[in-house]
Every structure is written in structure tokens, then in C-alpha cells.
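Quick note: the coordinates plus some simple rules give every number you see, no bench work behind them. Everything numeric in this text was worked out from a predicted model, so none of it was measured.
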Amino acid sequence: MKESIRTRTLQCATYIIEHRATLRQTAKAFGMGKSTVHTDVSVRLPKFDLSLYREVSAILRENHETRHLRGGESTRRKYLAGH
């Protein structure tokens, strides 16, 4: 694996942990695609840092389980704003 990809993967993983960020938020912060971030943290990361992968995986699982709540809240705010 190229060193630049390894560095990018570690940066994405660190960002997710520090900000408890979703894949979309991480992709936006780094100016890359959601699929790239997903591949980095789910396929590449466990190959060289298993403990970091476990932390990231737990956060992403939590985000996945609560996404319906965030979506409902977003819709509620939209209609309260009169739209």
C-alpha cells in the first residue's frame, strides 16, 4: 500500500474518532468521496491498525443505528421552518 493512502486512511480514522463523524461528514471534511472513506476505514485500516479499526467501527455502527433519528429531526426542523 502506498504511504499516501496509508496516511490518508489514518487521517480519516482519526477524524472519525475525534469528531464522532459519519462517513459523509468525513468525506466532506477531506474533499473526497464517501466510498473512498468507507474503503479506507473498513478495508484498508484493519490491515495495519486493528485497534484503531475497532474504535472507528464502533462509532460508525453507532451512527448507522441512530441515522433514522437524525433524519427525523432534520425533517422536523424543515417543517418548523415553514418549508
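To one decimal place, what orientation-averaged projected area in nm² is obtained for the convex hull of the Cα set of the chain?
With every direction weighted equally, the projected area is 6.0 nm².
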Item to check | Rel. contact order, % - alpha carbon contacts under 8 angstrom, at least six apart, the chain | outcome: 28 percent
Checklist outcome for this item: Computed ³J(HN,Hα) along segment 44-60: with the Karplus parameters 6.51/-1.76/1.60, θ = phi - 60°, integer Hz and x for glycine or proline, the list is 7, 4, x, 6, 10, 8, 5, 5, 5, 4, 4, 5, 4, 4, 5, 5, 5
